[in-house]
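Below is one structure, written out as structure tokens; the observations come after it.
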Amino acid sequence: FCGFGASPANFISGKRGEHEANSPKSRGRLPLACDGNENKDYENAIKFYSEALELNPSNAIYYSNRSLAYLRTECYGYALADATKALEVDKNYIKGYYRRATSNMALGKFKAALKDYETVVRVRPNDKDAKMKYQECNKIVKQKAFERAIASDETKKSVVDSLDIESMTIEDDYAGPKLEDGKVTVSFMTDMMEWFKEQKKLHRKCAYQILVQVKDVLSKLPSLVEITLKETDKLTICGDTHGQYYDLLNIFKLNGLPSDANPYLFNGDFVDRGSFSLEVILTLFGFKLLYPDNFHLLRGNHETDNMNQMYGFEGEVKAKYTAQMFQLFSEVFQWLPLAQCINTKVLVMHGGLFSEDGVTLDDIRKIDRNRQPPDSGPMCDLLWSDPQPQNGRSVSKRGVSCQFGPDVTESFLEKNKLDYIIRSHEVKAEGYEVTHSGKCITVFSAPNYCDQMGNKGAYIHLRGSDLKPEFHQFTAVPHPNVKPMAYANTLMQLGMM
Ligand SMILES: *[C@@H]1O[C@H](CO)[C@@H](O)[C@H](O)[C@H]1NC(C)=O
Ligand SMILES: [Mn+2]
């Protein structure tokens, strides 16, 4: 099952695993959000429904109810499978359509979701809730179609071309940090971090300056970044930060501010869920500008439009700035590199290895990454896959990419003459986990993930002298009273059946 350490449901055989998610507290509110502590309840629900289904595999309600438990623990692939199963057993079971729609929404498959909402509205024309969901979903589908239409248009322009940053004026009453001669400096960064800490907003001109400059820097990087640590160099590698700005500041407090002498690599999923995602990403982008060669950022599955639309970042940028600024973020995210290789021996990526054998570092170098990730293939796998303890590969509990076993890791490393991989993407109780005989390491840097998982955060020190991972753990610090998922899509916030 998808909580940490627990054992799997039985319907996809022998699977076990963890994932980046959690479950919500309040029933009927923020169903996919992270504001509760009833994980154990869902784990038990899944266990008992699985047992019930062994005794009676043709009960639509069992499937449907287990599907809800999977939804709440963010195992959307499993949730979708169960909802589908419920409908196979009883195609008139209305809740099954809701569940399938919600699973598809969570997976960013809006058209498929719309079909199910349509069915519900047809069968229950007087159901206001169903109608509202149908309309909300329809809106998203239309918007996506519109975006595709512009995207296929040759004349699609970058937001950068329509900005006139020079002529943006900074009002006299703005007392916050400003770039110095258009440049990010050490004192600007210190001031900005302090300013954010007090929950104040960076002037939009400064935010745009950072975005435009960082787009330029990132777009010049290869999809696979290769660096060399000298004997005495030490690199700090952090996993998911997910909008937990105050915990990010705590990392800098514990491990020192970034500098050319104190290099960092942040391994994706900077935004979404946590409600201080803008603060996190602007801080990280600022450091990228200040130390382009010694501050590294890789793309996570949450640096994408579909995820940002559902899990809060788009809403947060629109609330704090504008839709146009979100568009620019989206353009910048597309230029984040996908993997980083250290001293030709350690490969870092957000998700993990591949659905197919034989992928080489050169294949990663050749990925044309300036896009939203496709539904399958190497780019998708790098952002989305998870390790599994048993050999081989299996279907992902997330419903995207795959799970890969120790043998897959072993043969990949051998083919590419690597020692091990470091990835993130899954919450771990200790903040990190060493699997596949030490060849696959997970690091996660959002402690007490979504205010409720109770997990530690961790970062890794890698030294040029031996490339041995050295783990450092830390716990969560308090943050102002803005709950995770506060900016998430309303469809994710409304009660689901
Ligand atoms: C299924 O879940 C609903 C709540 O959504 C609950 O009322 C019902 O009792 C559950 N059914 C079974 C068989 O557990
Ligand atoms: Mn992730």
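The values are calculated or read from the model by the stated rules, or taken from the named source; none is laboratory data. Not measured: the values here are computed from a predicted model. Neighbour counts run over all protein chains shown; Cβ positions are idealised from the backbone, glycine included. All accessible areas refer to the heavy atoms of the entire protein, side chains included, with ligands and DNA or RNA removed. Shrake-Rupley method; radii C 1.70, N 1.55, O 1.52, S 1.80 Å.
Assorted remarks:
- Every test in (1) buried (at least 22 other Cβ atoms within 10 Å of the Cβ); (2) within 16 Å of ligand 2 (Cβ to nearest atom) is passed by Asp116 save one, and that test is (2).
- Going through (1) at positive phi; (2) modelled with pLDDT under 95 one by one, Gly243 falls short only on (2).
- Of all residues in the range 399-421, those satisfying the criterion of being within 16 Å of ligand 2 (Cβ to nearest atom), touching a helix residue (DSSP H, G or I) at 6+ places or on another chain (Cβ under 9 Å) and over 19 Å from Asn343 (Cβ atoms) are Gly399, Val400, Ser401, Cys402, Phe404.
- Test: residue in the range 458-472 that is touching a Leu at 6+ places or on another chain (Cβ under 8 Å) and surrounded by 22 or more Cβ atoms within 10 Å (Cβ to Cβ): yes
- The lone criterion from (1) within 26 Å of Tyr311 (Cα to Cα); (2) open to solvent by 20 Å² or more (accessible area, probe 1.4 Å) left unmet by Lys133 is number (2).
- Leu211 in contact (Cβ under 8 Å) with a residue 24 or more places away in the chain and within 21 Å of Pro469 (Cβ to Cβ): no
- Positions within the range 304-357 being of a type in the set (A, V, I, L, M, F, W, C) and either closer than 25 Å to Ser465 by Cα or touching a Gly at 6+ places or on another chain (Cβ under 6 Å) (or both), in sequence order: Ala339, Cys341, Ile342, Val346, Leu347, Val348, Met349
- Residue that is nearest to Val89 (Cα to Cα) [pool: residues in the range 48-62 that are more than 8 Å from ligand 1 (Cβ to nearest atom) and assigned to a helix (DSSP H, G or I)]: Ala60
- Test: residue in the range 355-363 that is open to solvent by less than 40 Å² (accessible area, probe 1.4 Å) and within 16 Å of ligand 2 (Cβ to nearest atom): no
- Verdict on Met379 being out of contact with any strand residue (DSSP E or B) (no Cβ under 8 Å at 6 or more places or on another chain) and surrounded by 24 or more Cβ atoms within 10 Å (Cβ to Cβ): no
- Among residues of the range 241-268 being assigned to a loop (DSSP other than H, G, I, E, B) and aliphatic (A, V, I, L, M), the one that is farthest from ligand 2 (Cβ to nearest atom) is Ala261.
- Flag if Lys85 is surrounded by fewer than 24 Cβ atoms within 10 Å (Cβ to Cβ) and not in a helix (DSSP H, G or I): no
- Where Met379 falls short, out of the listed (1) among the aliphatic types (A, V, I, L, M); (2) over 19 Å from the mean Cα position of the chain (by Cα); (3) closer than 30 Å to Arg148 by Cα: (2)
- The one condition in (1) outside any helix (DSSP H, G or I); (2) within 26 Å of Lys178 (Cα to Cα); (3) open to solvent by 20 Å² or more (accessible area, probe 1.4 Å); (4) hydroxyl-bearing (Ser, Thr, Tyr) that Ser275 fails to fulfil: (3)
- Failed condition for Lys109, given (1) among the basic types (Lys, Arg); (2) out of contact with any Ser or Thr (no Cβ under 7 Å at 6 or more places or on another chain); (3) open to solvent by less than 20 Å² (accessible area, probe 1.4 Å): (3)
- Residue in the range 205-213 that is within 30 Å of Lys253 (Cβ to Cβ) and open to solvent by 90 Å² or more (accessible area, probe 1.4 Å) present: no
- Residues in the range 169-219 that are part of a helix (DSSP H, G or I), within 26 Å of Tyr246 (Cβ to Cβ) and of a type in the set (Lys, Arg): Lys197, Arg204, Lys205.
- Residue in the range 77-98 that is within 11 Å of ligand 1 (Cβ to nearest atom), farther than 26 Å from Lys131 by Cβ and over 19 Å from the mean Cα position of the chain (by Cα) present: no
- Screening Gly268 against (1) surrounded by 19 or more Cβ atoms within 10 Å (Cβ to Cβ); (2) under 30 Å from Lys157 (Cβ atoms); (3) out of contact with any His (no Cβ under 6 Å at 6 or more places or on another chain) leaves a single unmet condition, (3).
- Screening Asn306 against (1) within 15 Å of ligand 2 (Cβ to nearest atom); (2) open to solvent by 40 Å² or more (accessible area, probe 1.4 Å); (3) more than 25 Å from Ile281 (Cα to Cα) leaves a single unmet condition, (3).
- Only listed residue being within 16 Å of ligand 2 (Cβ to nearest atom), open to solvent by less than 10 Å² (accessible area, probe 1.4 Å) and modelled with pLDDT of 95 or more, chosen from Ser424, Ser396: Ser424
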